[in-house]
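The values are calculated or read from the model by the stated rules, or taken from the named source; none is laboratory data. Predicted model, so just to flag it, every value in this text is computed and none were measured. Every residue, glycine as well, gets a Cβ built from its backbone with ideal geometry; the counts of neighbours run over all protein chains shown. Quick note on the areas: whole protein, heavy atoms, side chains included, nothing else; ligands and nucleic acids left out. Shrake-Rupley method; radii C 1.70, N 1.55, O 1.52, S 1.80 Å.
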Amino acid sequence: AQSVTQPDIHITVSEGASLELRCNYSYGATPYLFWYVQSPGQGLQLLLKYFSGDTLVQGIKGFEAEFKRSQSSFNLRKPSVHWSDAAEYFCAVGPMDSSYKLIFGSGTRLLVRP
Amino acid sequence: DAGITQSPRHKVTETGTPVTLRCHQTENHRYMYWYRQDPGHGLRLIHYSYGVKDTDKGEVSDGYSVSRSKTEDFLLTLESATSSQTSVYFCATGEDYSNQPQHFGDGTRLSIL
């Protein structure tokens, strides 16, 4: 079955520290991969996406993610976290066809210590 | 942002009543989506549209219907609301060849008593 797992429900980091949020997926073929961020009371914002090519993808707000096919992972990273990064982060996978069926992980809530 | 407006933003209603949520976009995006967000489930696709009058079901479509008579509007209707449909509903739009949502509205919090 197709699925997305974000193993960490909550993560707390200190401001200025590095961040890595984990995402593992189970999928029958190479999918499209996405990371979204959701601030409280708001909708999701697309941070970055991977379709093909270079497996290290740069996104907005200084985030990057690396697609590792052998590990079925698409982890999100940021070298130095800012207090404004506190939010919930969702990984998602979608098919490389037109079926529009994006599957979301259950999210990781990031807390930032001053 | 993509100019997505959801209305209403909050609604409380009773079991058995019909409810319609509206999504309005100003960016002329072809693809539109309705999701529901529940704790521990991330977002789940209810219905989507790939053009005017072109819609299809997502993974949790039972009890919901949609209509898209204009590019800019995508309506979600709960035909007879149940308590299990209490949720936060998000509309999204997409524009590129990936056919996936890239812009989200701020959500509608729906409580069914």
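Report yes if A:L111 is modelled with pLDDT of 95 or more, surrounded by fewer than 18 Cβ atoms within 10 Å (Cβ to Cβ) and away from chain B (no Cβ under 13 Å), otherwise no. Outline the logic, then answer.
Details: modelled with pLDDT of 95 or more: yes; surrounded by fewer than 18 Cβ atoms within 10 Å (Cβ to Cβ): yes; away from chain B (no Cβ under 13 Å): yes.
Here the answer is yes, as A:L111 does meet what is asked.
So which residues in the range B:5-51 are of a type in the set (S, T, Y), outside any strand (DSSP E or B) and within 12 Å of B:G105 (Cβ to Cβ), if there are any at all?
Initial filter on the range B:5-51 (of a type in the set (S, T, Y)): B:5, B:7, B:13, B:15, B:17, B:20, B:26, B:31, B:33, B:35, B:48-50.
Restricting the remaining residues to those that are outside any strand (DSSP E or B) gives B:15, B:17, B:26.
Answer for the range B:5-51, where residues must be of a type in the set (S, T, Y), outside any strand (DSSP E or B) and within 12 Å of B:G105 (Cβ to Cβ): just B:T26.
Write out, first by first residue and then by second, each pair whose Cβ atoms fall under 6 Å of each other, whose residues are 6+ apart or on separate chains, and whose first residue, in the range B:1-19, is over 28 Å from B:R30 (Cα atoms) and within 14 Å of chain A (Cβ to nearest Cβ) while the second is outside any loop (DSSP other than H, G, I, E, B) and at pLDDT 95 or above.
The qualifying pairs do not exist here.
Every residue in the range A:49-78 that is of a type outside the set (S, T, Y) and at positive phi, please. Break it down into steps so the answer makes sense when it comes.
Residues of the range A:49-78 that are of a type outside the set (S, T, Y), as a first pass: A:49, A:51, A:53-54, A:56-69, A:71, A:74-78.
Once the filter is applied, which keeps residues that are of a type outside the set (S, T, Y) and at positive phi, the range A:49-78 yields A:G53, A:K61, A:G62.
Filter the range B:56-81 for residues that are more than 12 Å from the chain's Cα centre (by Cα) and open to solvent by 50 Å² or more (accessible area, probe 1.4 Å) and give the result. Before you say what the answer is, go through the steps one by one.
Within the range B:56-81, the subset more than 12 Å from the chain's Cα centre (by Cα) is B:56, B:59, B:62-63, B:69-72, B:79-81.
If the condition is that a residue be more than 12 Å from the chain's Cα centre (by Cα) and open to solvent by 50 Å² or more (accessible area, probe 1.4 Å), then B:D56, B:E59, B:D62, B:S69, B:K70, B:E72, B:E79, B:S80 are the ones that fit.
Which one is nearest to A:G41 (Cα to Cα) among residues in the range B:54-71 that are of a type in the set (D, E, K, R) and not in a strand (DSSP E or B)? Spell out how you get there, then give the answer.
At the first step, the residues of the range B:54-71 found to be of a type in the set (D, E, K, R) are B:54, B:56-57, B:59, B:62, B:68, B:70.
Next, only the ones that are not in a strand (DSSP E or B) stay: B:59, B:62.
On the way: B:E59: 24, B:D62: 26 Å.
Of everything passing the filter in the range B:54-71, B:E59 is nearest to A:G41 (Cα to Cα).
From the list B:G51, B:G58, B:G42, B:G63, which one is touching a helix residue (DSSP H, G or I) at 6+ places or on another chain (Cβ under 9 Å), without any contact (Cβ under 8 Å) to a residue 40 or more places away in the chain and not aliphatic (A, V, I, L, M)?
Values: B:G51 fails: touching a helix residue (DSSP H, G or I) at 6+ places or on another chain (Cβ under 9 Å); B:G58 fails: touching a helix residue (DSSP H, G or I) at 6+ places or on another chain (Cβ under 9 Å); B:G42 fails: touching a helix residue (DSSP H, G or I) at 6+ places or on another chain (Cβ under 9 Å).
Every option except B:G63 fails the conditions.
Look at the range A:1-25 and say how many of its residues are surrounded by fewer than 13 Cβ atoms within 10 Å (Cβ to Cβ) and closer than 19 Å to A:P95 by Cβ.
Qualifying residue count, the range A:1-25: 2.
Does the range B:26-38 contain any residue that is within 9 Å of chain A (Cβ to nearest Cβ), closer than 26 Å to A:Y32 by Cα and of a type outside the set (F, W, Y)?
Filtering the range B:26-38 for residues within 9 Å of chain A (Cβ to nearest Cβ) gives B:31, B:33, B:35, B:37.
This time we only want the ones that are closer than 26 Å to A:Y32 by Cα, so: B:31, B:33, B:35, B:37.
Cutting the leftovers down to of a type outside the set (F, W, Y) gives us B:37.
So far as the range B:26-38 goes, yes, one or more of its residues are within 9 Å of chain A (Cβ to nearest Cβ), closer than 26 Å to A:Y32 by Cα and of a type outside the set (F, W, Y).
For the range A:49-114, give me every one of the strands (runs of 3 or more DSSP E) that falls completely inside it and has 1 or more residues that are under 20 Å from A:Y32 (Cβ atoms) and aromatic (F, W, Y). Break it down into steps so the answer makes sense when it comes.
Values: elements: A:56-58, A:64-68, A:73-78, A:87-94, A:108-113.
Those strands (runs of 3 or more DSSP E) span A:64-68, A:73-78, A:87-94.
Looking only at residues that are more than 24 Å from B:G63 (Cα to Cα) and modelled with pLDDT of 85 or more in the range B:85-104, which one is least open to solvent (accessible area, probe 1.4 Å)? Full working, then the answer.
Of all residues in the range B:85-104, those more than 24 Å from B:G63 (Cα to Cα) come to B:94-99, B:102-103.
Of the ones still in play, those that are also modelled with pLDDT of 85 or more are B:94, B:103.
Details: B:G94: 0, B:H103: 44 Å².
So, considering only residues that are more than 24 Å from B:G63 (Cα to Cα) and modelled with pLDDT of 85 or more, the one least open to solvent (accessible area, probe 1.4 Å) is B:G94.
Taking A:I60 as meeting all but one of (1) away from every other protein chain (no Cβ under 14 Å); (2) closer than 30 Å to B:G51 by Cα, write down the number of the exception.
Unmet condition: (1).
For the range A:45-80, name all the residues that are within 15 Å of A:L19 (Cβ to Cβ), buried (at least 20 other Cβ atoms within 10 Å of the Cβ) and more than 9 Å from the chain's Cα centre (by Cα).
Passing the criteria: A:F63, A:K78.
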